[in-house]
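Input: a single structure, listed below in structure tokens.
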Amino acid sequence: MIRTFQQHILRPTRLLNGLWDFITDPDNIGIHEGWASKFPEGSRKHVVPSCWNNELGTYEYIGAAWYRTYFDNVQETNIRLVFEGILHHADVYVDGKHIGYHFGGFTQFSVLLPELAQGKHELVIRVDNTVDWQTLPTDIADWHSYGGIIRSVELQELPDVYIDSMKIDYQLKDDSADIQLHIVLHSLSKGDCQVEVNAFTEGLSLSSSHVDIAAGQAVSLTLRGSLEKIRRWDVGEPELYTFTVQAGEDDLIDRTGFRTVEVQGSDILLNGKKLYLQGVNRHEEHPEWGFAFPPKLMLKDLDILTDMGCNIVRGSHYPQSQFWIDLLDEHGMLLWSEIPMWGCFMSKETLGSPIFIERGIKMLDEMISRDYHHPSIIFWGAHNEIDTRTEEALELTKAFVGKIRSMDSSRLVTYATMHPEQDIVLSYFDVIGINKYYGWYEGSVDGFSSMLENYYIHAEKHGAGGKPVIMSEFGAAGIFGDSGWEPRLFSEDYQADVVTRALKIFRDDPRIAGTLIWHFADIRVDVRSDRPYFRDRARSFNNKGLLSEYRKPKLAYRVVKAIYRSDLLDR
Ligand code: ADA
């Protein structure tokens, strides 16, 4: 996988990224005609990872497409193929045989090929980016409906007993940490065996043990230890600890940082200290790369966030790539992470659909399992702008929040509501995010003040009085380069004016714990002539970025920077 550090020293891994064969299947005949074993003539080359919607001829393509590559096995070995992100449905075939299916474009999955024969193997993937009313996202979302193998593909060679997962838990007391490493080992061996398991981090070797593992079985074990004089991870103080587990011939390396996140009244505390959040929403998107966002540009985006004076970024609206989250860990920048549950126009039928709920819960599971160790993540976001006035949303919220809390009690659970004055799910969350667009979709910027007063009264009645509030989205469109003598709709001046006046209202309100402006940079969206949605998206872009899609600063960027940075000096 593309990370900022190596996850294996002993386990051989290699990326299968590069030039693959690619062909679209607009009539959906590939399965019937057996393309998995007879890849059709007339394919072209595509780079993996990438989105096909950035290539000539497939710019608007939605549907099925087939990819093919080959890999060599020097000797018979157990192989695991790890797919970091495929939008959205993926069927994996090796040597013509169906090996696995996964839905969900932003979380990783893997397939196992025990005792794969020596020689050359054909890997074919059928990818389908069709979305509907029961997928996450659904077919109505305010970003371009990209498709493709958008993140890396990795091949791993596994020994007969391999480390399936490691989960690092800790409890902090002053400057010491009690640590538990929960490890799951799997055996692919035909006989019973024993392996030695060791784990270590800086200056600490966690108790080692010999583990018996029966043929073909899995074993869970917990190693414990304590660290003294730990350095805490904090905003701008990115102290990280690397943990290595070795089991027989296999290893797994991961990193975490020690810190606490909690709520006290209407404050959010990081390491016991009150935190005021200053940030933006950011899509991991670029007009040339779509969602296959290159590492080099991630570093630049991070530099821009730092320059602006942000201490948090919301990963709107889906799990971001691991490389990005690694960078945030390494720079002491906080992250709100969420699943692609974009609900502004979502029907009650969708909210109540068992398949939809099941998919959401699986995505939460995959996101939290993958990203559990990142100290930068302080919030798990359950959903965005669903109709939280309805019973369907209430039931879905119970299921989603229950799932999150069952997997992680070390972070806060949040969401973004667009109905703050009527919302019936407030009490389930630690922190309330409010999305409102006064000055753009409704009324003038002053509308924020009365909306907030109504919200506070409503929250009191719904078991959320005094809970921390974040303004999780607000903003206005400003077309890059369009400026004039007065703030006119769609001009840079208008956007800067809305954002400045809104920030003033929020920063004068002591009950608000932070602001996340919509949004970092302009993104490509879906504007279709046959649909009523997103008709104000000039150029087919959501133009509310503080930067253009090519990361050029608009006037709003400069005013936000002045406000956010003055805050760094004052507080
Ligand atoms: C919503 C939504 C964003 C974006 C924004 C807008 O708040 O959550 O994804 O669509 O509106 O620009 O209208």
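The values are calculated or read from the model by the stated rules, or taken from the named source; none is laboratory data. For clarity, every value in this text was computed on a predicted model and none was experimentally measured. Note that we place each Cβ from the backbone using ideal geometry, even for glycine, and neighbour counts take in every protein chain shown.
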Margin query: Can you say whether Ser491 is in the same structural domain as His283 (by TED's automatic domain parsing), of a type in the set (Ser, Thr, Tyr) and either within 16 Å of the ligand (Cβ to nearest atom) or more than 26 Å from Gly343 (Cβ to Cβ) (or both), as far as the supplied structure shows?
Written below: yes
Check: Just for region 440-488: of the residues that are among the aliphatic types (A, V, I, L, M), over 15 Å from Leu503 (Cβ atoms) and within 16 Å of the ligand (Cβ to nearest atom), which one is nearest to the chain's Cα centre (by Cα)?
Finding: Ala477
Notebook entry, point to check: Which residues, counting only those in region 310-343, are within 16 Å of the ligand (Cβ to nearest atom), of a type in the set (A, V, I, L, M) and in a strand (DSSP E or B)?
Noted result: Val313
Item checked: Residue list for region 371-389, filter: within 13 Å of the ligand (Cβ to nearest atom) and outside any loop (DSSP other than H, G, I, E, B) -> Gly381, His383, Asn384
Next item on the list: State all residues of region 207-250 that are among the charged types (D, E, K, R) and buried (at least 20 other Cβ atoms within 10 Å of the Cβ); if no residue qualifies, say none.
Entry: Asp250
Notebook entry, point to check: Among (1) of a type in the set (A, V, I, L, M); (2) touching a residue at least 60 places away in the same chain (Cβ under 8 Å); (3) farther than 30 Å from Arg528 by Cα, where does Ala141 come up short?
Noted result: (3)
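So that you can scan it fast, the table gives a plain yes or no per residue for (1) on the phi < 0 side of the Ramachandran plot; (2) in the same structural domain as Glu473 (by TED's automatic domain parsing); (3) buried (at least 17 other Cβ atoms within 10 Å of the Cβ); (4) within 18 Å of the chain's Cα centre (by Cα):
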site: Leu270; (1), (2), (3), (4): yes, no, yes, no
site: Glu284; (1), (2), (3), (4): yes, yes, yes, yes
site: Pro287; (1), (2), (3), (4): yes, yes, no, no
site: Asp303; (1), (2), (3), (4): yes, yes, no, no
Checklist line | Failed condition for Arg411, given (1) free of Cβ contacts under 8 Å to residues at least 40 places away in the same chain; (2) more than 16 Å from the ligand (Cβ to nearest atom) | finding: (1)
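Of the residues Ser369, Ser450, which is surrounded by fewer than 16 Cβ atoms within 10 Å (Cβ to Cβ) and in contact (Cβ under 8 Å) with a residue 60 or more places away in the chain?
Ser369
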Note to self: Residues that are under 25 Å from the mean Cα position of the chain (by Cα), within 16 Å of the ligand (Cβ to nearest atom) and either at positive phi or modelled with pLDDT of 95 or more (or both): does region 548-569 have at least one?
What the structure shows: yes
Next item on the list: Identify all residues within region 99-152 that are closer than 10 Å to Leu87 by Cβ, of a type in the set (Ser, Thr, Tyr) and out of contact with any strand residue (DSSP E or B) (no Cβ under 6 Å at 6 or more places or on another chain); write none if there are none.
Entry: Ser145
Check: Across region 1-32, what is the number of residues that are of a type in the set (Asp, Glu), surrounded by 12 or more Cβ atoms within 10 Å (Cβ to Cβ) and assigned to a loop (DSSP other than H, G, I, E, B)?
Finding: 0
Note to self: Within region 252-265, does at least one residue satisfy the condition of being acidic (Asp, Glu) and farther than 30 Å from Tyr557 by Cα?
What the structure shows: yes
Item checked: Sole residue being assigned by TED's automatic domain parsing to the domain that holds Leu305 and touching a helix residue (DSSP H, G or I) at 6+ places or on another chain (Cβ under 6 Å), chosen from Ile378, Ile339 -> Ile339
Item checked: Residues of region 528-565 satisfying the condition of being surrounded by fewer than 19 Cβ atoms within 10 Å (Cβ to Cβ), of a type outside the set (Val, Ile, Thr) and within 26 Å of Leu277 (Cβ to Cβ) -> Arg551, Lys552, Arg558, Lys561, Ala562, Arg565
Check: From the residues in region 390-400 that are crowded, with 22+ Cβ neighbours inside 10 Å and hydrophobic (A, V, I, L, M, F, W, C), which one is nearest to the ligand (Cβ to nearest atom)?
Finding: Ala393
